[in-house]
Amino acid sequence: MLKGFEDGAVPAGEARALCWEIEAFNRAYATALDDGRVEDWPGFFVDDALYRITGRENADAGLPVGLVYCEGVGMLKDRALAIARTMMFAPRYLLHQITNERVLALDGAGLITATANYALYETLVDQRTTLLQVGRYYDRFVRHDGALRLRERHCVYDSLIIDTALIYPV
Amino acid sequence: MLKGFEDGAVPAGEARALCWEIEAFNRAYATALDDGRVEDWPGFFVDDALYRITGRENADAGLPVGLVYCEGVGMLKDRALAIARTMMFAPRYLLHQITNERVLALDGAGLITATANYALYETLVDQRTTLLQVGRYYDRFVRHDGALRLRERHCVYDSLIIDTALIYPV
Amino acid sequence: MLKGFEDGAVPAGEARALCWEIEAFNRAYATALDDGRVEDWPGFFVDDALYRITGRENADAGLPVGLVYCEGVGMLKDRALAIARTMMFAPRYLLHQITNERVLALDGAGLITATANYALYETLVDQRTTLLQVGRYYDRFVRHDGALRLRERHCVYDSLIIDTALIYPV
């Protein structure tokens, strides 16, 4: 478990409504990535967002960086653009299964702390589908014009060996 | 993404209630198939339903047919009967994980457009469990005696190589 | 399907509220196990609970025992303690994806019958993530101080070959 993501005491009614909103958010997020609309991906974050992909060993040890580290929407857009160009040369299909959404905390300023588990499958041309990564999202959401947006998403994967060619967002 | 399954603007309250109904439907559907009650499978569809299993490449190219194509409940029942007979000779266990349900559109006549992601696992006698297929359901639901029924289910799988012996419904 | 877990007729409104509670329960349960807090695991059960892990073949044949069989919270605590000690010598990461929660019955005394599908992934040091087990939980919940607790959990896995070294709870 990532530090700062302890299980708080959100009242059941509030947790339920927020959990549904987060599920809807995560499903739209996954659809954008799975459909290859990587250019829409930065739109799920606020301007000063933090996005990170790191291994569980790193996360447990409190190491801040990892495989991918983006601070601010500018870095997310740069990454999206680079990936959009790469994808033309290495076509692949991706599919997310996002489950186990949990709302952990809600502070007075409207910051929502939540987690979810994900499995990410990849299919390359003429190959069988493989499980690319399983892991947990550690998220902080804020409300922007009424809708949820990510201020932080830490994608913490279990796999200790990972294809370092992975650059597509998780 | 399949053409005609664009993300519409369903009000959040309505989307939430429908999404829950669709989740309950999909879970009952999966249970019937996973329990081997293939004879119950046509009952999830209306009489003039369309059921199809096809690859993402085919779907993206707009090709109408695919691996399996059934038009009308008669074809579904034929298929169910054929499978029920086959299963006696080739026992296998199936398990669906259905996630990421999304309600995309709701028209004035009550037609509901929705998607979901699925993973289908297969276990043959004396073998390890394998991931048979991951993909997305592209669905159109109608209401029949108050309950949801499928008018269309397009099962679009990612895997580019697939066991063509697959005849069990997805 | 396990005997005694037939699909009952729970009114939709009640089923929906209970289903959400069970989803929240299962997600907290999975988080405890995935975070390695096995000492918290017995707390999800009532004192006279039954916990069992068994194969689908065994379950279909009505055989009562299986791979793991615990009756009463004392046996659960013994198991948790043994595992906590073992884990120090064989570190591994686990991740559950729990989906397809269904409420099947609710009796006058408040006993809730439900099922869910699970996939359990394991990652050993310096190895790729593997699918350890897929299966279905067959559960009976009761309410204890307002919150759900398990009176019975039967973990029925599909895999016919299984690593018998598995002792961690599912």
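The values are calculated or read from the model by the stated rules, or taken from the named source; none is laboratory data. Not measured: the values here are computed from a predicted model. Glycine gets a Cβ as well: all are built from the backbone with ideal geometry, and neighbour counts include every protein chain shown.
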Condition check for C:ILE83: within 18 Å of the chain's Cα centre (by Cα), in contact (Cβ under 8 Å) with a residue 24 or more places away in the chain and surrounded by 22 or more Cβ atoms within 10 Å (Cβ to Cβ): no
Selection count, the range B:8-18, where residues are closer than 11 Å to B:LEU106 by Cα and either of a type in the set (Lys, Arg) or assigned to a loop (DSSP other than H, G, I, E, B) (or both): 4
Looking only at the range B:24-51, and only at residues there that are in a helix (DSSP H, G or I) and over 24 Å from C:GLU101 (Cβ atoms), the one that is farthest from the other protein chains (Cβ to nearest Cβ): B:PRO42
Selected residue [touching an Asp or Glu at 6+ places or on another chain (Cβ under 8 Å) and surrounded by 14 or more Cβ atoms within 10 Å (Cβ to Cβ)] from B:ALA49, B:ALA15, B:ALA30: B:ALA49
Residue list for the range C:120-148, filter: closer than 25 Å to A:ARG56 by Cα and among the charged types (D, E, K, R): C:GLU122, C:ASP126, C:ARG128
Every residue from the range C:1-18 that is at the interface with another protein chain (Cβ under 9 Å from one of its Cβ atoms) and in contact (Cβ under 8 Å) with a residue 12 or more places away in the chain: C:ASP7, C:ALA15
Filtered residues of the range A:52-103 (kept if basic (Lys, Arg) and either within 14 Å of another protein chain (Cβ to nearest Cβ) or part of a loop (DSSP other than H, G, I, E, B) (or both)): A:ARG56, A:ARG92, A:ARG102
Tally of residues being modelled with pLDDT under 95 and either in a loop (DSSP other than H, G, I, E, B) or surrounded by fewer than 22 Cβ atoms within 10 Å (Cβ to Cβ) (or both) across the range C:148-166: 9
Search result, residues across the range B:108-132 that are in a strand (DSSP E or B) and either surrounded by 21 or more Cβ atoms within 10 Å (Cβ to Cβ) or at pLDDT 95 or above (or both): B:ILE112, B:THR113, B:ALA114, B:THR115, B:ALA116, B:ASN117, B:TYR118, B:ALA119, B:LEU120, B:TYR121, B:THR123, B:LEU132
Flag for A:GLU21 being within 14 Å of chain B (Cβ to nearest Cβ) and over 14 Å from the mean Cα position of the chain (by Cα): yes
